[in-house]
Every structure is written in structure tokens, then in C-alpha cells.
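My structure is below; once you've seen it, I'll send some questions.
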Amino acid sequence: MKKLVYLLPLLVVFACQSPQRSDNFKAPYYDLKGYIDAQIISLSRTKPLVRKDVIVNEENETLITQKIDWSKELELFAQADINKPAFTQSYFVDTLSTHTISYRLRQGENLPVQYMEVITDEQGKLEKVKATLLDKNYLFESERILTLESKNGRLAAYQIEGFQQLFIGEPKPFKVMAIVQ
């Protein structure tokens, strides 16, 4: 019985973990999460100066700092990852030019990322990503438009704008703009 008491917490921990991608999974879409993870490591190490403007309900606040938790700051961009095995047939892929690809959610699919456009340079390094995320249920609705710009493979600027609306209220618009020095 004592062994069961010791094993139970381990079973709970392993049962609650989300499944990982298998090593032989070939990502069908641009690896935004991989890019974001690499930027989190790099920016946490270099601690660049960042100017961040936040506008909520027409109230503006500006912050200039080097103290940023990049994991939290870029979390929404990491959540825009569409490279999951269950999503491989969920998006239409359109090649708009040699360096621009878009991903549109197929009709009937119920995923937060509705649209994503990825622009790369001649070397295949990311220049810009724009994504639209939509969450809607009977309690609230939220739309976010994410834009990320990169120079020479390094994060240069990002923006998140959109609104949140509870079922019994007015939409609350917001906008976050940041420039990384």
C-alpha cells in the first residue's frame, strides 16, 4: 500500500503532461514556435532595451526597460504555433510569392489561429509574421492580431492588437507595440 502512495503522484504527473511531438514528425508549416523559443533564449541572455506602448480603452502607457520575462512576453506568439500533428490537415497553404506563405484555417475547423502569413528573406530567415487568433464561446469573445518583425533573424518589433468582450459588456480594445533595440 505504501508503494502505491509513492507511485500515485508520479502517475498523476505523467498522466497530466501533454503529448510531445514524435521525433519523426515533419512540421508541415513554418516553425514559429521554434523561432520564438530561440528568441526567448537569445533575448533573455542579451537583455536588450525595449520600448513598449500599451493602449487599453484609449489609455496609453509607455515603458522603456531591459527587465522583461521573454517567456511571458512572447507567450501569445508561441501559442500561435500551428505545427501540431493534429493540425496537419487543418490549414490551406498558399504560396503568395517566393518568400511569402499564408496559412488559412479550413472551414469547419475550430482552432484559435484563423490566418497566418510568413515572410522570409532570401536566406530563409524570418522577416515578418502576421497572425489572427479568435477565441469565442458563450461567455466571451476575443480577437488578437499578432505582428512580429525580425531583422537578420533577430526580433526587432512586435505588436498585439484586438479586443475582448464579455457576453454582457462592450468590447474592450487593446494594443501593445514594442520595439527591441
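Consider all pairwise Cα distances in the chain and report the whole-number % of them above 29 Å.
Value for the chain (Cα pairs over 29 Å): 33 percent.
Connecting C-alpha atoms closer than 10 Å in a GNM of the chain, tell me which of V129, V118, V56 has the biggest fluctuation.
The residue that fluctuates most here is V56.
Here is a follow-up. With charges set only on the Cβ (+1 for Lys and Arg, -1 for Asp and Glu), what does the dipole of the stretch 91-181 come to about its Cα centre, in debye to the nearest 20?
I would put it at about 160 debye.
Run lengths n ≥ 4 of DSSP H only: what is the helix-derived mean residue ellipticity at 222 nm for the chain, with -39500 (n - 2.57) per run over all residues, to the nearest 500? Display every interim value, and only then the final one.
Details: 4 runs with 39 residues, N = 181.
Taken over the chain, the calculation gives -6500 deg cm²/dmol.
Where is the GNM fluctuation largest for the chain (alpha-carbon springs, 10 angstrom cutoff): I160, I55, I101?
In the Gaussian network model the winner is I55.
As I understand it, the dipole of the chain uses +1 on the Cβ of Lys and Arg and -1 on the Cβ of Asp and Glu, about the Cα centre. Which of M177, S42, F140 lies farthest toward its positive end?
Checking the options against the dipole of the chain, the answer is S42.
Are there GluC sites (Glu not before Pro) in the stretch 71-141 that DSSP marks as loop and that have at most 13 other Cβ atoms within 10 Å, and which are they?
E109, E122
Loop sites only, by DSSP: take the trypsin sites (Lys or Arg not before Pro) in the chain that have at most 14 other C-beta atoms within 10 Å and name the longest stretch containing none of them.
Numbers: sites that count: R21, K26, K67, R106, K125.
Excluding the exposed sites themselves, the longest stretch runs over 126-181.
What dipole magnitude, in Debye to the nearest 20, does the chain give about its Cα centre under +1 on Lys/Arg Cβ and -1 on Asp/Glu Cβ?
760
While we're on this one: Using a Gaussian network for the chain with springs between C-alpha atoms less than 10 Å apart, which of these wobbles most: L63, L76, L139?
L139
Among the listed pairs K72/K151; K47/K136; K67/K151, which have their C-alpha atoms separated by more than 31 angstrom in this model?
In this structure, K47/K136 lie more than 31 Å apart at Cα.
Using 0.36 nm per residue of separation minus the Cα-Cα distance, give me the extension gain between K151 and Q89 in nm, one decimal. Provide the component values of the computation, followed by the final result.
Numbers: separation 62, 0.36 × 62 = 22.32 nm, distance 3.11 nm.
Full extension of this stretch gives 19.2 nm more.
Can you work out the Karplus-derived ³J(HN,Hα) for every residue in the stretch 95-104? Use 6.51 cos²θ - 1.76 cosθ + 1.60 with θ = phi - 60°, whole Hz, and x for glycine or proline.
8, 7, 7, 5, 10, 10, 10, 10, 10, 10
Every number in this text was worked out from the coordinates using simple rules, so none of it is lab data. Everything numeric here is computed off the predicted structure, so don't read it as measured data. Quick reminder, even Gly has a Cβ in these numbers, built from the backbone with ideal geometry, and neighbours come from all protein chains shown.
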